[in-house]
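Below is one structure, written out as structure tokens; comments come after it.
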Amino acid sequence: MSMSGDSPLAGSELSDPVQSLQEAVSAVFGEHGPLAEAAETFCPREGQTRMAQAVARVVAGGGVLVAEAATGVGKTFAYLVPALLSGERVLISTATKTLQDQLFGRDLPALAKSLGLPVRMALLKGRGSYLCLHRLEAAPQAIAHERGLQHALSKIERWAHSTRTGDLAELPGLHENSPVIPLVTSTRENCLGAECPKWRACHVNLARREAMAADVVVVNHHLFFADLAIRESGMAELLPTVRVVIFDEAHQLNETGIQFLGQHLGTAQLLDFSRDLLGAGLQQARGLADWSLLANGVEMAARDMRMAFGANRLSSRLRWVDEMPEGIDPGEWRQTLASLGEALAQAAEGLDNVSEISPDFVRLHERAMLLCERVARFAGACEPGAVRWADVGNQLRLMESPLDIADVVRKRLLGAPAGEEPAEAGQSRAWVFVSATLGDDANLTWFTGPCGLSGAEILRVGSPFDYERQATLYVPRQIVKPNDPAHGAQVAQIAGDAAERLGGRTMVLTTTLRALRVIGEKLAERFEGTRVEVLVQGQLPKRVLMERFRAGNSQGPGQGGSVLVASASFWEGVDLPGDTLQAVVIDKLPFPPPGDPLVEARCRRIEAEGRSAFADYSIPEAAVALKQGAGRLIRRETDTGMLVICDTRLTSMGYGKRLLAALPPMRRLTDEASFHEALEGLVKPDLEAGVTFDV
């Protein structure tokens, strides 16, 4: 990227590139630097500058940096400033598409403008985020008998004439889980590639071309690992040409990576194939095969595979230690897979007979053969060193994955083992991994171990927040143990007391869906007929819930308020600064679920190595999750609030000290009276501290 005359690096003649970049970074974060001039609220932070200097050292000289930067450090600008000033092509990977959009649409443009750098930026998402013009043409045939989808499809067809990017996130009102999306987007399996009649106008290709010409490319972890696994998308072209790679929200890397480095076979895949088979057959080769019979055969075999797990088994993950998943009849399972394989083979034969008519049939035949291979794989034994399980819900997914991504990172990213040629990543490539939570020990082994980064440089930067003044921690002494049936109701009582006094402004984070339902129902009963709205995850899309929560808690005292009960994804990535959120209630310590097959396999491996699975796996997992949940509370220097953890094990068990040490140093409350007193302090001016808590 070219530098303008006002760039902090312009005119620098230092021979040491590391020193040169570090001095430029220091100037940017100084009291009179471009950031201070661009934003009145900016103030130099020692931790942010220290992290930026460490990133600059690695970016300029190469190497691997793992940086844990607590909430409030300003980690985004701490890695963006040295990356932009370096003049290198940079690849930035984030955890979610939402964070991608924020980085690309807000943070990068604002910073580039402040630094006076004409940076070319590109946003690259997975295929499933972009409209496929070829599949859009075929979609009406696929949903001819599904009137509920026709309205959404019509909306997409109108939007298709005006969009430049084809990014479905730009289409207002389209739910991210809409069943119409798979009909108008492509996947690696169904994309026709250069044989597609819409190849020149393809939105995915446009995004790739822009990425190839950009100085900074923003992707997400899913796309990064999907490409690493298949070496097929635009990333396969980008990665070898990029020397600097930065992973933000890196704590999700391991769990994201194993999804793409293993194998899976699901009913959604099979039903998509069946629908595409029927649509293409009737549209382009009617009468040349009984397409309805072939498609129906695959569909029925897929549904039979799901029904082998029972009609009432929802949202569960089943062990798969031997030849078949736990609790499945062996004979029925073998027959189910045999029938599925036969249905796919018949479809493949029919497609092979018409392959010369259209590239659609060539690709469909390849998909049929790939699915046949997957069926055969899951009919056999699991790969050594991997774990297999079945995700059972409305749909079914058969999964096989490695236990972590360590080997892949070491061999395919950082380089090859001794005695082998180096991987594509050269010796001078810079790898930066950053997050607010990466472990509970000095070496951040919770993250570096599974990710194969044991030799990385480690940096830990603490939060600039004054937690002793800004926040309190309350662990109710009299609450029953988490396994007691009365626990959920007691958590709801405590959360309700906080919400009632604060006028909403309360978030309850649960560790299980059962607790989510119980606590949500109890709070709904308590606040029925009042101005306090109770929002429960699952009732509405996450984005809508967050909007309702913000709106409900922005009305001022006496105007009602909102309580949010949530689990899973709400433990992280939720930013609610100011008075919007003043109480976070966690139902119990977030230990990994003991019945989860992946958890069990990891624990077995640790025990086989002579270590303690509880000390070396369960406690670090809980510590990181606890830090993530607690991090929702204080987001700015002026925020105040209360963290309530409804689990006495935090104070009564020996391992509780380790978990407490992982939390920010909040002021501890000792009894119920101090709990209510602290709530009063959040709704009245704290004259002693000079900070107003008025909501």
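Give the residue that is farthest from residue 362 (Cα to Cα), with candidates limited to residues of region 292-306 that are hydrophobic (A, V, I, L, M, F, W, C) and either in contact with a Pro (Cβ under 8 Å, 6 or more places away or on another chain) or surrounded by 14 or more Cβ atoms within 10 Å (Cβ to Cβ) (or both).
305
Return the residue satisfying two criteria in turn: it lies in region 565-600 and is assigned to a helix (DSSP H, G or I) and acidic (Asp, Glu), and of such residues it is surrounded by the most Cβ atoms within 10 Å (Cβ to Cβ).
579
Do you know which of the residues in region 357-395 that are assigned to a helix (DSSP H, G or I) and among the β-branched types (Val, Ile, Thr) is nearest to residue 190 (Cα to Cα)?
362
Among the residues of region 522-547, what is the count of those that are of a type outside the set (A, V, I, L, M), touching a residue at least 24 places away in the same chain (Cβ under 8 Å) and within 18 Å of residue 486 (Cβ to Cβ)?
2
Which residue pairs have Cβ atoms under 8 Å apart, sit 6 or more places apart or on different chains, and have a first residue in region 601-623 that is without any contact (Cβ under 8 Å) to a residue 60 or more places away in the chain and a second that is part of a loop (DSSP other than H, G, I, E, B) and among the polar types (S, T, N, Q)?
606/612
Could you tell me whether residue 67 is touching a Gly at 6+ places or on another chain (Cβ under 8 Å) and under 14 Å from residue 247 (Cα atoms)?
So residue 67 fails the test.
Sort out which residues of region 106-124 are farther than 19 Å from residue 204 by Cα, in contact with a Leu (Cβ under 9 Å, 6 or more places away or on another chain) and not in a loop (DSSP other than H, G, I, E, B), and write them in order of number.
Result: 107, 108, 111, 112, 114, 115.
Quick check on residue 528: is it surrounded by fewer than 16 Cβ atoms within 10 Å (Cβ to Cβ) and in a loop (DSSP other than H, G, I, E, B)?
yes
How many residues are surrounded by 18 or more Cβ atoms within 10 Å (Cβ to Cβ) and part of a helix (DSSP H, G or I) when one looks only at region 272-291?
11
Which residue pairs have Cβ atoms closer than 9 Å, lie 6 or more positions apart in sequence or on different chains, and pair a first residue in region 45-67 that is closer than 21 Å to residue 452 by Cα with a second residue that is assigned to a helix (DSSP H, G or I) and of a type in the set (Ser, Thr, Tyr)?
Short answer, once both residue conditions are applied: 55/79; 59/79; 66/448; 67/79.
Considering only region 538-564, how many residues are out of contact with any Ser or Thr (no Cβ under 6 Å at 6 or more places or on another chain) and buried (at least 18 other Cβ atoms within 10 Å of the Cβ)?
Summing the residues that are out of contact with any Ser or Thr (no Cβ under 6 Å at 6 or more places or on another chain) and buried (at least 18 other Cβ atoms within 10 Å of the Cβ) in region 538-564 gives 5.
Against the conditions (1) under 30 Å from residue 347 (Cβ atoms); (2) under 28 Å from the mean Cα position of the chain (by Cα); (3) at pLDDT 95 or above, where does residue 432 fall short? Just the number, please.
(1) is the only condition that residue 432 fails.
Looking only at region 34-50, filter to residues that are buried (at least 17 other Cβ atoms within 10 Å of the Cβ) and over 30 Å from the mean Cα position of the chain (by Cα); which one of those is farthest from residue 116 (Cα to Cα)?
By that ranking, first place goes to 36.
What single numbered condition from (1) of a type in the set (D, E, K, R); (2) farther than 19 Å from residue 675 by Cα; (3) in a loop (DSSP other than H, G, I, E, B) fails to hold for residue 477?
(2)
Listed residues 359, 402, 422; which is touching a Leu at 6+ places or on another chain (Cβ under 6 Å) and either closer than 30 Å to residue 245 by Cβ or modelled with pLDDT of 95 or more (or both)?
402
Need the failing condition index for residue 681 against (1) at pLDDT below 95; (2) part of a loop (DSSP other than H, G, I, E, B), just the number.
Exception for residue 681: condition (2).
Does residue 139 meet the test of being closer than 26 Å to residue 201 by Cα and assigned to a strand (DSSP E or B)?
When the stated conditions are applied, residue 139 does not pass them.
Is it the case that residue 234 is buried (at least 16 other Cβ atoms within 10 Å of the Cβ), at pLDDT below 85 and outside the structural domain of residue 55 (by TED's automatic domain parsing)?
Taking the combined requirement at face value, the residue satisfies it.
Can you pull out the residues in region 197-216 that are among the aliphatic types (A, V, I, L, M) and surrounded by 17 or more Cβ atoms within 10 Å (Cβ to Cβ)?
Selection gives 204, 207, 211, 214, 216.
Among the candidates 340, 344, single out the residue that is surrounded by 22 or more Cβ atoms within 10 Å (Cβ to Cβ) and either in contact with a Leu (Cβ under 7 Å, 6 or more places away or on another chain) or outside the structural domain of residue 298 (by TED's automatic domain parsing) (or both).
344
Say whether the condition of being more than 22 Å from the chain's Cα centre (by Cα), β-branched (Val, Ile, Thr) and over 23 Å from residue 646 (Cα atoms) is met by at least one residue in region 505-525.
So far as region 505-525 goes, no, none of its residues is more than 22 Å from the chain's Cα centre (by Cα), β-branched (Val, Ile, Thr) and over 23 Å from residue 646 (Cα atoms).
Just the residues that are modelled with pLDDT under 95 and either in a strand (DSSP E or B) or under 17 Å from residue 177 (Cβ atoms) (or both), please, taken from region 548-564.
The one that is modelled with pLDDT under 95 and either in a strand (DSSP E or B) or under 17 Å from residue 177 (Cβ atoms) (or both): 561.
Which is under 26 Å from the mean Cα position of the chain (by Cα) and not in a helix (DSSP H, G or I), of 659, 633, 626?
633
The values are calculated or read from the model by the stated rules, or taken from the named source; none is laboratory data. What you are looking at is a predicted structure, and each value in this text was computed from that prediction instead of being measured. Methodologically, a virtual Cβ is constructed for each residue, glycine included, from the backbone with ideal geometry; neighbour enumeration extends over all protein chains shown.
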